[in-house]
Every structure is written in structure tokens, then in C-alpha cells.
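Step one of this worksheet: look at the structure below.
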Amino acid sequence: MTLNWLHKFSDWNPQVFRELKGRLKRRNVLLTVLGSLTTQIFVLLCFWSTLPVARPAVIGDDHHNAYCTGKGSYRWFECLYDSLGNPIVNWQRWWFDVFQAISWVLPFVLLIAGVYLLIGDLGKEERRGTLNFIRLSPQTSQKILLGKLLGVPAVPYLAVLLALPLHGLAAIAAGMPISDVLSFYLLTTAVCAFCYTAALLYALMGGVQGWTGAVVIWMSYTLFYQLWHSWASWESSWSNPTLRLQWFYFLINGSRTTALAFALLTLGTGTYGLWQAVNRRFRHPELTLLSKRQSYGMTLCLEVWLIGFVFQNFTNYDRPFEYLIWLGFCNLLWFMVLFAALTPQRQMLIDWARYRRERVTSAKQFWSRSIVKDLLWNEKSPALVAIALNLLIAAVVVVPWILSWQRYSSPRQGLATIVLGSTFTLICAAIAQLMMFMKSPKRAVWAASTVTAVVILPPVALTVLQFSYTEVPLAWLFSIGAFTVFQQGVSITTAFTAFLGHLGILSLLSLRLTRQLKRAGESEMKALLAASRG
């Protein structure tokens, strides 16, 4: 029976079986069991030491403790004693604190250890050359990657499973509803799936240092846990209107069910997007992280998700431009990601330029060459037009909200901010594409450094030179500081002049890129013709 079960399991996903067989060895299992049980005993002893002691020897001494049952406030209560002098302990509160402590430790172990192991495992496979061998196996890429997700963190999974009985006992003793415990498990699973998929993507992009991912997770885990803990305090959220979180007039933290559903939907959508990039990168390491078609759908989803947090009742605030600044900052980060995900490498651009050169020689009209369609959908073509379409998608989602400002702010200033922000983003995209066409092996570093400098240095330089945005607004309109200028108000002439300047810079960069592509296509064609004649 056991052999039949093992055969079925290995047939379902051989990669999982391979990972489990290599990691769940006797020594590893024994150390994991010992470590998990020792940690649980240590947690119980730590909390046991905080319990109140027997009645003090000196009558009248003030004795307070967090787990006493007398009068008090917040975490300190007066201790009451029975006839034998033993303190009356609030065991429900004590078990609740034990439950909270274990609830903090379990995701910490899963996230830190899991991310570290996944990045290190893929890095080791890449160094040994076995990752290419795995790609050649008859298994689908999705099964292989799923096997990595389920098998590589097998040891942390085992350690957490051994702690679940104590966690469940603490929840029962504390009087926790079963729905709260299940919500915690569901949310932890969703967060782990998101972080593990991101770890796979990082490793496939060349990251081999597992400690880097572990440090990032460790630094962000505290923020995540505090958010979850604050959402668990529903009574304070209901009584304090400032803690209410809305999305398209829908109160997210109005109840535990709605908050959990929104968190799972958000994490699930993000995990799906990361999974698409991971699956694509694993199958075709030479291609871009995302296809242009995928980027359009992801941008639409992100914009709808973001606009939901700012599309609120204007009676709650009278300065919607501040929300536009927040929205613009989030979009800037997203489009920086798109630069890296959509910008093709030098050899891909050369192949595309040669392909376009062959099509040009056999066609007579511009539209018959369908270059627009090529720029929008072809994965080897330059990413500038695709970035422009992503910006258009973002604008289509945001503009209706800006037009609803009529009574509270100037929609014209908001629309001008969107236009100049889009042209500035296109300039950054053109610079990134030009940098990626360099012959230098460090072109990715050059592209990232140059775009970062273009974004950060202008406002820093203007601030150091003490050029106020009220005195020289035109200079600020050529940087991300344009948000501040439009928030304070700027003339139409100045805004139009800046727009023409943006178009001029963008035209020069596009012309430069076009000439380089044309020259590369001609050189490649000449080399191919010379080789065929020889």
C-alpha cells in the first residue's frame, strides 16, 4: 500500500518527489523535530515565567501582573489570591498571548527559511548546470516550478507542522473562534505563496544569494505582521473612523471576512502575475520577463486596484491632488518594473532589426509592413510603444477620477500632470532602451543607473541650487517635481512649453534609437549575405 502511494505521488509530480527525497533525510528530520520541540518548550517556559507568584511576604506590598484578575488597566492588573495564597490567574489571556507568540513565529520561519532555501537551491542548480537538464525533462515547466515550491522548503514545512498542535491548543484555551484561526492559516499561505514565487523569479533573474532575499523578507515581515495584527483588533477599527480603509466606497476592514477576502484577492492576483513571469523566464531565459500582452493586463489590474483607494467621497477631503501625487509615485515604481520586464536585450533587438530589414525589402507600403502591430506585440521589438500603450491604459483609468474634481480642485492641473508625467516616463523608457542597446556587458547596470539618475538627480540639484518651484517652475517641470509645481498652480504657457520640451527630448532619443536599429539591421543583413555567397 505504501509503495503504491509513493508511486502515485511520484507520477503526479516527480520534481516534488525528487526534492522531498533529497531533503527529508533522517538527519535533517531528527534535527527539525528536535529544533521545533525545543522552540515550543522555550516559548512555554518564557510565558510560564511571567505568571504571578504566591502572595508577597510583606502585607500591603503592591503586586500587579498582566495575568492577574483584579482591577487595573491595559496590561497590569491587581493580583487576587485564594485561601491558600495562590494567585488567581487569567489563563485565557495567558493562552491568548501564547497563541499570539506562536502566530508570529510560524510565518517568520516559513518566510525566512523558505525564501532562503528556494533562492539558494535555484542558484546551486544554475551553477552546476542541472537547471538546463531539468528544462529538457518531459515535465511541464509549471509542474517543475510547483515541485520546487512544494519540495525545497520541506524542512520548514515539517517544523511548522509539528508546532500546529500547540498552536491549536493555545487557540482553544484562549477561546479563539475557529474562523480566526483558519483566517490566519489562509493569510499565511497566501503570503508564503507570493513571497516564494517572488523568490523563484529573483533566482531565475540571476540572484544567487539566498541571504539577500531573507533579509528583505525579515525587514518587511514586521510591517506585514503589524498590519495583520491591527486588522485583528476590529473593535478599535470600528470605533475609530480614521482607521477605516475604503476601496471604491467599500469598507475593507468593516469585518474580518471582507478584509480577508480583499487580502487574499490582492495576494492571489499578485502571485498570478509573478507566476506568469517565473514560468516564462524558466521556459525562455533569453526572452523578456513579460510579454507585451501580459503587461497590458497587469497594468490595467494595478490601476484599477490603485484607483479604488483614492476614488472616495470628496466630503472626506478637499485636496484630491495629494492622492494624485501618491498615485503618481506608485505608477512610477510600476513603470520602472516594466522597463526591466519589457526592454529586450541587444541581440534580440538586432534580430528584430534584421527581420524588419528583410520585410522592408519585400514590401512597398508602410502599412503593409504592419510595424505598429509589430511594436505593440512582438517581444523582440523595442519597448517604447508598449510603454506608451501602458501609459494610455493608466490614463484611461485615472482620467475619469480627475474629471470628478470639478467642485474641489482644478481638473486641468491634474490632466496636465498626467500628460507631463507620461512624457517623462517615456523619456526614461527611451533612455533605458538606448542603454540596453550598448555593447557593454554591464548594459543592464548602466540602464538602471542612468534611469535612476534621471529620476533623482534633477530635483536634488534644483533643491541644492535653491531654485524654488515658484520662481523657476519650468525647470521643475522636467523632473518628478512637476507634481509639486502643478499642486501650487502653473500657467498654461509654462506647462505647454514644458510639454514641447518633453516631446523634443523624446523625439531625439527615438530618432537615435531608430538610427541605431537601422544600422544594426543593415550590418546584420550584409553579414548574412556575405556568409551565404561565401
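Number of residues in the stretch 248-279 that are in a helix (DSSP H, G or I), free of Cβ contacts under 8 Å to residues at least 60 places away in the same chain and of a type in the set (A, V, I, L, M): the value is 4.
When restricted to residues that are closer than 30 Å to F96 by Cβ, surrounded by 14 or more Cβ atoms within 10 Å (Cβ to Cβ) and of a type in the set (V, I, T), the stretch 171-219 contains 5.
In the stretch 43-55, the condition of being β-branched (V, I, T) and either surrounded by 14 or more Cβ atoms within 10 Å (Cβ to Cβ) or modelled with pLDDT of 90 or more (or both) is met by at least one residue.
Residue by residue, here is whether (1) of a type outside the set (K, R); (2) modelled with pLDDT of 85 or more; (3) under 15 Å from A388 (Cβ atoms); (4) not in a loop (DSSP other than H, G, I, E, B) holds:
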residue	(1), (2), (3), (4)
I418	yes, yes, yes, yes
A429	yes, yes, yes, yes
M435	yes, yes, no, yes
M438	yes, no, no, no
T450	yes, yes, no, yes
A453	yes, yes, no, yes
P458	yes, yes, no, yes
L474	yes, yes, no, yes
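Inspect the stretch 350-360 for any residue being modelled with pLDDT of 85 or more and part of a helix (DSSP H, G or I) and give the result as yes or no. Checked the stretch 350-360: no residue is modelled with pLDDT of 85 or more and part of a helix (DSSP H, G or I). Here Q466 fulfils each of the conditions (1) in contact with a Leu (Cβ under 9 Å, 6 or more places away or on another chain); (2) farther than 29 Å from A341 by Cβ apart from (1). Hey, does the stretch 253-267 have a residue that's under 18 Å from I393 (Cβ atoms) and of a type outside the set (A, V, I, L, M, F, W, C)? Checked against the condition, which is being under 18 Å from I393 (Cβ atoms) and of a type outside the set (A, V, I, L, M, F, W, C), the stretch 253-267 yields no hits at all.
Given the condition more than 26 Å from the chain's Cα centre (by Cα), among the β-branched types (V, I, T) and either in the same structural domain as L306 (by TED's automatic domain parsing) or surrounded by 21 or more Cβ atoms within 10 Å (Cβ to Cβ) (or both), answer yes or no: does some residue in the stretch 398-416 qualify? Yes, some residue in the stretch 398-416 is more than 26 Å from the chain's Cα centre (by Cα), among the β-branched types (V, I, T) and either in the same structural domain as L306 (by TED's automatic domain parsing) or surrounded by 21 or more Cβ atoms within 10 Å (Cβ to Cβ) (or both).
State all residues of the stretch 74-111 that are of a type in the set (D, E) and more than 30 Å from P153 (Cβ to Cβ); if no residue qualifies, say none. Those that are of a type in the set (D, E) and more than 30 Å from P153 (Cβ to Cβ): E78, D82.
The values are calculated or read from the model by the stated rules, or taken from the named source; none is laboratory data. All values derive from a computational prediction rather than experimental measurement. Here the Cβ is made from the backbone with ideal geometry for all residues, glycine too, and neighbour counts use every protein chain on show.
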